[in-house]
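J.: A single structure is presented below for examination.
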Amino acid sequence: MQTKAFRKTYTRIERITKATCVLKASSVRFGELAWVEKKPAQVISIIGELVTLQVFGGTEGLSTHAHVVFTGKPPSLAVSDLLAGRFFNALGQPLDGLSPVKGEEREIKGPAVNPVKRAKPNVILTTGIAGIDLNNTLVTGQKIPFFADPDQSYNQVMAEVALRAEADKIILGGMGLSNDDFIFFKNTFEAAGVLDKIVGFVNTSEDPPLERLLIPDMACTAAEYFANDKKEKVLLLLTDMTLYADALAIVANKMDQIPSKDSMPGSLYSDLASIYEKAVQFEHGGSITMIAVTTLNEGDITHAIPDNTGYITEGQLYLKHDTDIGKVIVDPFRSLSRLKQNVIGIKTRQDHPQLMNALIRLYADAMNAKTKKENGFDLNDYDVRCLAFARDYATKLLAVDINITVNEMLDTGWGLLQAHFEKYEVGVKDELLQKHWKKEPQTSA
Amino acid sequence: MTTGKVVGVISNLLLIEVEGAVTQNEICQVNAGKWLKAEVIRIRQNIASAQLFESSSSIEVGAEVQFTGSMLEVELGPGILSRKYDGLQSDLERMTGTFIEIGDSTDPLDKDKSYLFTPLAKDGDLVKAGHWLGSVKENQIDHKIMVPFVWEGSFKVTWIASEDHFRINDVIAKIEDKGGKTHEVTMVQKWPVKVPLTGFVEKIRPGKIFQTGLRVIDTLNPMMEGGTGYIPGPFGTGKTVLQQAIAKNSEAEILMIVACGERANEVVEIFSEFPNLVDPVSGHKLDQKTAIICNTSNMPVAAREASVYVGMTLAEYYRCMGYKVLLLADSTSRWAQALREMSNRLEELPGQDAFPVELPATIANFYSRAGIVKLGNGQMGSVTFIGTISPAGGNFKEPVTESTSKVARCFYALSQKRADSKRYPAIDPLASYSKYIDYQEFGEYSDEHIQKGWVQSVKRLKDLLRIGLEARDQINILGDDAVPVDYHISFWKSELIDFGIIQQNSFDPIDMRSEIDRQRYMLNFILDVCSKDFQFENFEQVRDYFKNLINLVTQMNFSDYGSSSFKKYEEQVVEILNQNTELHAN
Ligand SMILES: Nc1ncnc2c1ncn2[C@@H]1O[C@H](COP(=O)(O)OP(=O)(O)OP(=O)(O)O)[C@@H](O)[C@H]1O
Ligand SMILES: [Mg+2]
C-alpha cells in the first residue's frame, strides 16, 4: 500500500465513548478502515468534518491525543487457496504464528448475489442425525441456526454435524468463543484429519468484544472465495451469533440510537440478514451452507435476537434436553427446515413427507397426554400408547447421538407406527400404507 | 438543474448541501465513480437528507450531487410480465455479473422488441388519460396502450397507427388537446410510484368473491375482487407458503409479487417453479401473467420501501387495462422496518417500538390503493392486495399489525400452535375474519352464484367450530370421563371440520386447489354429517368413529372431485353414518 505513506495522521480526538470516538478529518469515506494507535477502527458516520469511528479494540486507555490514520479503504481479506488449514483473528491476521496469507485483497462486506444467478438449493446434506435428516432435512446453500440454551453442548453437536456433512471446506467463525471450545474445535478437526479443509476466524472471549463484529464478514468473504471462485461446497459455522448481536447493540447504544425491542438496534434484522443471506447455491455447483448457533436467554425465542434470526434463516434446529430419556434431542415442534420440501420425497423415499408428519403429529398427541397426566387426569388407552410411542420415538429417532441413513430412519419410523398404532390412527395416504405397513403385526420396532 | 454536494454520511442517509430548488421525494444522483440514486426525504434550509438506494461504502464527503427534478418513477409499457425486477424496477436478468455491484441498473423494458399493435380507438375519438388507444400481445395478455395518465384534460385522436409491428418507443397515435396542440403517444409512459395511479372513473364496493382455491379462505373468510387482506404470523408459521399457494391457485389474471426484505431462496423458488406450473385461469404457464419485484433482505434497505410502491403501481397499471390483478407483498414488516431505520437516522422523535409516528397513515394510504374500479369504457378492473406481516416476537400487539388491522378487511391470523401441530394452512379459523362476509353485496352475490343461503351455512360451520373448541376446553379442564359424551361429539365435529375443510395440503397436486363448486359440495357434505344425531356409549367410541370419518374425508380431499375414488370414499362415509344411525334405531 504505497498510498499509506501519504495518509495524514490526526492527533486530536474530540469525543470518546466506550465503543466510539469522534474527530475532525477530511476526505474520509464512509466505511473505511482506520487505525487508532494500534487499534483497528471503522468510519460509521460522517457529519461535515466530524467523523465517528467505531473502535474495534475498545477505547480503554485511549487518549485525546492518540494517533489516528485512515487507510482509505474498507476492511478487507487477502483470499487465496493458502487460507485453507489456517486460523485467523477478526482482522484476518494469523493466529498460528505463521506468516500472513498472500492473495487478492477483497472488501469484506461484498455485494449481494443477483437472485437470478442463484440456483434452487436441492442437494441434500445428510448428518446421520434423524432429528435433522428425517424431520428437518438440510440442503446445501441453506442457512440454519441451532437455538440452544447456553449450557447445552451446541458446539459439540455443530462440530459433529460439520464432520459428517460432505464439504470441501469448513469455515469456522467464532465469536466470543471460549478458549476451551476453540481448542476443542481445533482438536476435533485435527483428530478427524480434516485440518487442511478448515479455515478459522476466531474471536475468543478474551479478545475485545467489538472485534467480533468483523468475524462473520471475514468468514463470508473466505466462503465466497471458495464457493464461487473455486466452485467448492463450503460449510460455514458461526458461533455464537447472540454474542455478535450483543456487540451490535453496544455500538448502537454508544451512537445514541433509539433502541427497538430488547435494547437491540432497529437495524438488527438487516444486519443479520446481510450475513445469513450469503448462504447460496450457485449454478456451477459451488455453495455456501451456513450453520449457526444462537444461544437463548432462558429459552426465550421471542427475544429480538432469536426472533429476528428465525425470520431470516431457513428454519432452526432447537436443541432440548428430554428428561424422559435423559438425552439431548432435536425438538420436532419448534425445529424446522424450510428447504426440506425441495428434497424430501424427491431425493429421498416417497413416503418421507407423510411419514415424518404422521410421527410428529402423534408425538404432539403424546405431549397432550403428558400434560393430562401432569394435571392428574386419567389416561385412556390411546394416551398410554402415545406416551409409549413418544419414548421410543425420542430414543430411536430424535436423540442427537443417532447416526443412521435416511432409509434406516424411515424404516424405523414405520416400525414405530406399527408397534403402537392402528392404520386408521396414523392419517397417512392409503397408497403408502399399502406399501409400507407390514402385513404381520409387529411386536417391537 | 439543481446541484449539491455530500456533507455527511450516516450509513445510507446522506446529508447534501443544495444549491437551488429541491423537492421533497425528488430523486438525485450522487457521484461515487458511478452515479448512485437517492431520494430526498427531508429538507432543512439548504441541507437535504436523502436515502441512498445503495450501500454507501465508497461515498466520500464532498461528492457531487445532481437533482433530477422528478420523483421515483416506473416505466409502464409492454414487457413487464415475466420480468424479475429489483426494488427500483431494474431488470435483474439484464445484469451480467454474479453479484449486484453498487450502482448496477438496467432498463425495465425491452426497447428493441417489436409487438403487434392493434388499434382500438379511431380518428376523431375523444379520449382522456387512461383511455385505451390500442392493444398489443404481451405473452397471452392483451396489453392496452393508454393515453398517458399524467396528461390532463380531453384530447381528440388525430392519427392512430394501423395494425402493424412497433417497438415501445415508436409513435402509435397522435392526439390533439383543446388548444389544438398535437401530442405523440408511444407504448411507454412513466408514473411516480408514491402517487396512486388514477385513470379510472370510480371505485366501487367489493362484493364478488376472489377465489384463492383455499378452503379456509374462500369458504370461511372470503376475499373479494379488489379487496385487502393481511397475514400476520410468527416466523415459520406459513405466511410465505400461504401466499405462494394463493399465487398459484387464485383466479388472478395478472400477478404482481413483491418479495420485500425476505429470503433470496424464496424468490429463486418462484423463478424455478412458475415457468413450469400451469395457471389455472389461462392454461398457460404461470410466469406468463406474473412479474416479480424483489428486494431481498440483503439488497439495499432503502429500495425496500420503493419495492412495494413499484409493485402497487404496476398492479394499478394493469387494473386500468381491465384485469383482475393480485398483488402480494411479503413482508410488509420489512418495509416498515426500513422506514424505522431511516427515521432513526434522521433522529426523529419515535412512535411506538421506535417506528415513525406516521406509520399508520403510511400503511393506510398504501392499502387504500387496492380496490375494484370502473374504467372509462365501463369495464371493471381490480387490484386485490394481500400482505404478510412478521410481528416481533410473534405478538400481534405491535404497530405494523395494529395499523394494518385498521385498513385491511380480511385477517388471516397464523397460529403458532396450529403450525407446531402441522395443521396447515395454520390459519386460526376463529380469530381470523373477512369483513366482506357481512357485506350485503357478497350476500347477494353468493346467493346467486354459489348457493342460496351460503353465508348462513358458513356461519353455521363457524358456530360448530366454536362449540367444538369450547367443548375441548371443558374436556381439558374436567377430564375425558367427567364430561357428557355430547361434549366429545361436539369436539370431534369440530375436528372433522378442521381436517376436512380448514386443513389443506398445498404440496399435494389435487388438494392444493379447490374450486368454489367443490368447496360448496364439501361444506354441504360436512354440515350434513354434523347434523346427524349420533349415539355413542363412551368417548372412546366417539374418537374412533370420528377418526375413521376424518380419514375418509381427507382421502376425499386427496381425490379428484367427482372421480371414482372420491365417490368411493364418500360412499364409505355414508355407510358408516348409516351404521351409527341404525345402531341408534335399534
Ligand atoms: N401449507 C403448508 N403445508 C405444509 N407445510 C407448510 C405449510 N405452510 C408452511 N409449511 C412449513 O412451514 C415452513 C415455513 O413456512 P413459511 O416459509 O411460509 O413461513 P413464514 O411464516 O413465511 O416464515 P417467515 O416469517 O420466517 O418468512 C415451510 O417451509 C414448510 O415446511
Ligand atoms: Mg416467509
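The values are calculated or read from the model by the stated rules, or taken from the named source; none is laboratory data. Here the structure is a predicted model, which is why all the values come from computation and not from measurement. Note: ideal-geometry Cβ built from the backbone for every residue, glycine included; neighbour counts use all protein chains shown. Heavy atoms of the whole protein, side chains included, go into the accessibility calculation; ligands, DNA and RNA do not. Shrake-Rupley method; radii C 1.70, N 1.55, O 1.52, S 1.80 Å.
J.: Consider residue B:154 carefully, then state whether it is buried (at least 17 other Cβ atoms within 10 Å of the Cβ) and of a type in the set (Ser, Thr, Tyr).
T.: Criteria not met by residue B:154.
J.: Within region A:353-367, can one find any residue that is β-branched (Val, Ile, Thr), at pLDDT 90 or above and assigned to a loop (DSSP other than H, G, I, E, B)?
T.: Looking for residues that are β-branched (Val, Ile, Thr), at pLDDT 90 or above and assigned to a loop (DSSP other than H, G, I, E, B), one finds none in region A:353-367, hence no.
J.: Considering only residues of region A:86-117 that are touching a residue at least 60 places away in the same chain (Cβ under 8 Å) and away from chain B (no Cβ under 14 Å), which is most open to solvent (accessible area, probe 1.4 Å)?
T.: A:95
J.: Restricting to region B:73-89, count the residues that are more than 18 Å from residue B:169 (Cα to Cα) and open to solvent by 10 Å² or more (accessible area, probe 1.4 Å).
T.: Total meeting the criteria: 5.
J.: Please pick out the residue among A:292, A:399, A:394 that is within 30 Å of residue B:298 (Cα to Cα), more than 16 Å from ligand 2 (Cβ to nearest atom) and small (Gly, Ala, Ser).
T.: A:292
J.: OK, next. Determine if region B:257-275 includes at least one residue that is open to solvent by 10 Å² or more (accessible area, probe 1.4 Å), free of Cβ contacts under 8 Å to residues at least 40 places away in the same chain, hydrophobic (A, V, I, L, M, F, W, C) and away from ligand 1 (no atom under 16 Å from the Cβ).
T.: no
J.: Let me ask something else about it. Are there helices (runs of 4 or more DSSP H) fully within region A:145-232 with at least 1 residues that are over 22 Å from residue A:100 (Cβ atoms) and in the same structural domain as residue A:132 (by TED's automatic domain parsing)? List them. Explain how you work it out, then say what you get.
T.: Values: elements: A:154-164, A:179-191, A:215-224.
Helices (runs of 4 or more DSSP H) meeting the threshold: A:154-164, A:179-191.
J.: Away from chain A (no Cβ under 12 Å) and within 13 Å of ligand 2 (Cβ to nearest atom): does that describe residue B:242? Before the answer, list the steps.
T.: On the way: away from chain A (no Cβ under 12 Å): yes; within 13 Å of ligand 2 (Cβ to nearest atom): yes.
So residue B:242 fits the description; yes.
J.: Another question, then. Hand me the list of strands (runs of 3 or more DSSP E) wholly inside region B:318-394 holding 1 or more residues that are closer than 24 Å to residue B:264 by Cβ and within 16 Å of ligand 2 (Cβ to nearest atom).
T.: Strands (runs of 3 or more DSSP E) meeting the threshold: B:324-330, B:380-389.
J.: Here's a follow-up. Here is a list of conditions, (1) open to solvent by 60 Å² or more (accessible area, probe 1.4 Å); (2) out of contact with any helix residue (DSSP H, G or I) (no Cβ under 8 Å at 6 or more places or on another chain), and residue B:58 meets all of them except one; can you say which number that is?
T.: All conditions pass for residue B:58, except number (1).
J.: If you check A:398, A:416, A:432, A:410, which single one turns out to be out of contact with any Lys or Arg (no Cβ under 8 Å at 6 or more places or on another chain) and either at pLDDT 95 or above or not assigned by TED's automatic domain parsing to the domain that holds residue A:361 (or both)?
T.: Unique residue meeting the criteria: A:398.
J.: Continuing with the same structure: Could you tell me whether residue B:156 is over 19 Å from residue B:115 (Cβ atoms), of a type in the set (D, E, K, R) and not assigned by TED's automatic domain parsing to the domain that holds residue B:126? It would help to see each step written out before you state the result.
T.: Numbers: over 19 Å from residue B:115 (Cβ atoms): yes; of a type in the set (D, E, K, R): yes; not assigned by TED's automatic domain parsing to the domain that holds residue B:126: no.
It is false that residue B:156 is over 19 Å from residue B:115 (Cβ atoms), of a type in the set (D, E, K, R) and not assigned by TED's automatic domain parsing to the domain that holds residue B:126.
J.: All but one of (1) within 11 Å of another protein chain (Cβ to nearest Cβ); (2) over 27 Å from residue A:31 (Cα atoms) hold for residue B:75, so report the exception by its number.
T.: Status for residue B:75: all satisfied but (1).
J.: Let me ask another. When only residues in region B:388-402 that are of a type in the set (Gly, Ala, Ser) and within 11 Å of ligand 1 (Cβ to nearest atom) count, which is nearest to residue B:334 (Cα to Cα)?
T.: It comes out as B:390.
J.: I've got another one for you. If you check B:271, B:235, which single one turns out to be aromatic (Phe, Trp, Tyr), within 16 Å of ligand 2 (Cβ to nearest atom) and not in a strand (DSSP E or B)?
T.: Of B:271, B:235, the one residue that is aromatic (Phe, Trp, Tyr), within 16 Å of ligand 2 (Cβ to nearest atom) and not in a strand (DSSP E or B) is B:235.
J.: Being more than 7 Å from chain B (Cβ to nearest Cβ) and over 16 Å from residue B:416 (Cβ atoms) is the filter; apply it to region A:310-320 and report the residue that is most open to solvent (accessible area, probe 1.4 Å).
T.: A:320
J.: Would you mind stating whether residue B:214 is more than 13 Å from ligand 1 (Cβ to nearest atom), out of contact with any strand residue (DSSP E or B) (no Cβ under 7 Å at 6 or more places or on another chain) and away from chain A (no Cβ under 14 Å)?
T.: On the way: more than 13 Å from ligand 1 (Cβ to nearest atom): no; out of contact with any strand residue (DSSP E or B) (no Cβ under 7 Å at 6 or more places or on another chain): yes; away from chain A (no Cβ under 14 Å): yes.
No: the conditions fail for residue B:214.
J.: Can you tell me which residues in region B:218-239 are among the aromatic types (Phe, Trp, Tyr) and open to solvent by 10 Å² or more (accessible area, probe 1.4 Å)?
T.: Of everything in region B:218-239, just one residue is among the aromatic types (Phe, Trp, Tyr) and open to solvent by 10 Å² or more (accessible area, probe 1.4 Å), namely B:235.
J.: Oh, and also: Given region B:510-586, what helices (runs of 4 or more DSSP H) lie entirely inside it while holding 3 or more residues that are over 19 Å from residue B:450 (Cβ atoms) and among the aromatic types (Phe, Trp, Tyr)? Steps first, please.
T.: On the way: elements: B:516-530, B:539-557, B:564-585.
Because the criterion is at least 3 residues that are over 19 Å from residue B:450 (Cβ atoms) and among the aromatic types (Phe, Trp, Tyr), the helices (runs of 4 or more DSSP H) in region B:510-586 that meet it are B:539-557.
J.: Tell me, which residue of region B:97-123 that is in a strand (DSSP E or B) and of a type in the set (A, V, I, L, M, F, W, C) is most open to solvent (accessible area, probe 1.4 Å)?
T.: In the first step, residues of region B:97-123 are kept if they are in a strand (DSSP E or B); the result is B:99, B:114-119.
After this cut, where a residue has to be of a type in the set (A, V, I, L, M, F, W, C) as well, the list is B:99, B:116-117.
Working: B:99: 38, B:116: 72, B:117: 0 Å².
The extreme case among them is B:116.
J.: If you scan region B:222-237, which residues turn out to be under 10 Å from residue B:412 (Cβ atoms) and within 16 Å of ligand 1 (Cβ to nearest atom)?
T.: Across region B:222-237, the qualifying residues are B:229, B:230, B:231, B:232, B:233.
J.: Residues in region B:311-332: is at least one within 16 Å of ligand 1 (Cβ to nearest atom), outside the structural domain of residue B:146 (by TED's automatic domain parsing), within 30 Å of residue B:202 (Cβ to Cβ) and among the β-branched types (Val, Ile, Thr)?
T.: Yes.
J.: Taking region B:124-141, which residues are of a type in the set (Asp, Glu) and either buried (at least 21 other Cβ atoms within 10 Å of the Cβ) or within 20 Å of residue B:74 (Cα to Cα) (or both)?
T.: Hit for region B:124-141 is B:138, nothing else.
J.: Taking region A:321-352 only, how many residues are surrounded by fewer than 20 Cβ atoms within 10 Å (Cβ to Cβ), in a strand (DSSP E or B) and within 12 Å of ligand 1 (Cβ to nearest atom)?
T.: 0
J.: Same structure again: Before we move on, is residue A:349 more than 16 Å from ligand 2 (Cβ to nearest atom), of a type in the set (Lys, Arg) and within 11 Å of another protein chain (Cβ to nearest Cβ)?
T.: no
J.: Same structure, new question: Would you mind finding the one in B:421, B:415, B:405 that is assigned by TED's automatic domain parsing to the domain that holds residue B:363, away from ligand 1 (no atom under 13 Å from the Cβ) and open to solvent by 10 Å² or more (accessible area, probe 1.4 Å)?
T.: B:405
J.: Also, quick follow-up: Restricting the search to region B:292-308, which residues are among the charged types (D, E, K, R) and open to solvent by 10 Å² or more (accessible area, probe 1.4 Å)?
T.: Step one: filter region B:292-308 for residues among the charged types (D, E, K, R), giving B:304-305.
Hit for region B:292-308 is B:305, nothing else.
J.: Hey, another quick one. Looking at (1) open to solvent by 40 Å² or more (accessible area, probe 1.4 Å); (2) modelled with pLDDT under 95, which is the one condition that is false for residue B:380?
T.: (2)
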